[in-house]
Amino acid sequence: MKLAIMQPYFFPYIGYFDLLCNVDLFIVYDTVQYIRRGWIHRNRVLQHNKIGWQYIIMPTNKAAQKTPINEIQVLQNNNWKYRILGQLEHYEKHAPYAMETIEFAKKCLEVNEVSISRLNVNILHQCADLLNIGFEYKLCSELNIELDSVGNAEEKILYLCEFLGASEYVNLIGGVDLYHEDSFKDRNIKLTFRNTPTWIYETTPYEFEPNLSIIDVLMWNRPDKIKEYLNKYRKAE
């Protein structure tokens, strides 16, 4: 079984969905510490002035230091949702699939969920359905497993792999410095990193920005074209 273990990102970039396409099971790693400078509560889209990008942000209630992701709560008002949808309106004048994408984003944000972990998983599920990607997942917080006493970050991942019976652990290229092939080989687990080339698509009259939220990708590309891109590199391996 090919396994991925990732934190639940908010409308993540296309590389995240490439990862989903290449595993059998996805573990939502929601028991690790929530870090505000990460991608759990925010992502990036193009700016209205056609140069550069801006954050879309999901505000959260204040939490104590070292609070795990599964205990973080989303601010319970709709103002931030309206703000995000307002940040997308400028696409309507130029992006060919702006109306459909804004409606899709609105549908994703309409989910009445307090948990940031569960809300992001719901968004991931809706995105996967739209792109016709299988999304078999489990929440780490719901597994019958104790990780607090397990060594370092790499040891925790290895422990999860063994607990779930994984034969291969697949991660994004950003984790290349965190995990070591020999450590996984010693446990009879294959270690694989996904490094799909940047997809450069037409965004005229905006300047193209790489690795923005899947929202931006959907503004300029039909879901079947996105799946075609993902399949291209899936089949290449």
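Across all directions, the average flat footprint of the convex hull enclosing the Cα atoms of region 131-237 is 8.9 nm². For the chain, the antiparallel share of DSSP beta bridges with both residues in that region comes to about 35%. The phi-based Karplus calculation (6.51 cos²θ - 1.76 cosθ + 1.60; θ = phi - 60°) puts the 3J(HN,Hα) values of region 172-178 at 6, 4, x, x, 4, 8, 8 Hz, whole numbers, x for Gly and Pro.
The stretch between ASN49 and GLU136 holds 27.4 nm of extra length on full extension. This uses 0.36 nm per residue minus the Cα-Cα distance. Taken along the Cα-to-beta-carbon direction at a fixed 7 Å, the label points for ASP177 and GLU89 span 4.2 nm. For region 2-235, the average shadow cast by the Cα convex hull is 12.8 nm², which is a quarter of the hull's surface.
About the Cα centre of region 2-235, what is the dipole size in debye to 20, counting +1 per Lys and Arg Cβ and -1 per Asp and Glu Cβ, all else neutral? Mind showing how you got there, number by number?
Values: 26 positive and 29 negative charges, 104 e Å.
Once rounded to the nearest 20, the dipole reads 500 debye.
P(r) tail for region 89-190, what percent of Cα pairs lie past 24 Å?
Numbers: 2375 of 5151 pairs.
I get 46 percent for the Cα pairs in region 89-190 exceeding 24 Å.
The modelled label-to-label distance for the pair VAL114/ILE200, using points 7 Å beyond Cα in the direction of Cβ, is 4.8 nm. Length gained on full extension, LEU25 to GLU228: 71.0 nm, using 0.36 nm per residue less the C-alpha separation. Applying the Karplus relation 6.51 cos²θ - 1.76 cosθ + 1.60 with θ = phi - 60° to region 117-127 yields 3J(HN,Hα) values of 5, 5, 5, 5, 5, 4, 5, 4, 5, 5, 5 Hz, where x marks Gly and Pro.
Helix 79-88 and the long axis of the chain differ in direction by around 70°, with both axes built from C-alpha atoms.
What's the extension gain from PHE193 to LYS107 if we count 0.36 nm per residue and subtract their Cα-Cα distance? Walk me through the numbers before you get to the answer.
Values: separation 86, 0.36 × 86 = 30.96 nm, distance 3.24 nm.
Roughly 27.7 nm would be gained on extension.
Measuring nothing but how far apart in sequence close Cα pairs (under 8 Å, 6+ apart) lie, relative to its length, the chain scores a relative contact order of 31 percent. Footprinting exposure proxy ranking of VAL121, VAL111, VAL74, fewest other C-beta atoms within 10 angstrom first, gives VAL111, VAL121, VAL74. Looking at region 1-89, the DSSP beta bridges with both ends there are about 65 percent antiparallel.
Extents of region 175-237, taken as max minus min of Cα coordinates on every principal axis and listed largest first, are 51, 23, 16 Å.
For ILE56, the residues whose amide H sits under 5 Å from its own are ASN43, ARG44, VAL45, ignoring neighbours fewer than 5 places away on the same chain, with H placed 1.01 Å from N.
Less than 5 angstrom separates the built amide H of ARG194 from those of ASN171, LEU172, ILE173, all sequence-distant by 5 or more or on a different chain.
Coordinate-derived values only; no laboratory data. Note that the coordinates shown come from a computational prediction; the quantities given were computed from them, not determined experimentally. Counting neighbours? That spans all protein chains shown, and the Cβs are built from the backbone with ideal geometry, glycine included.
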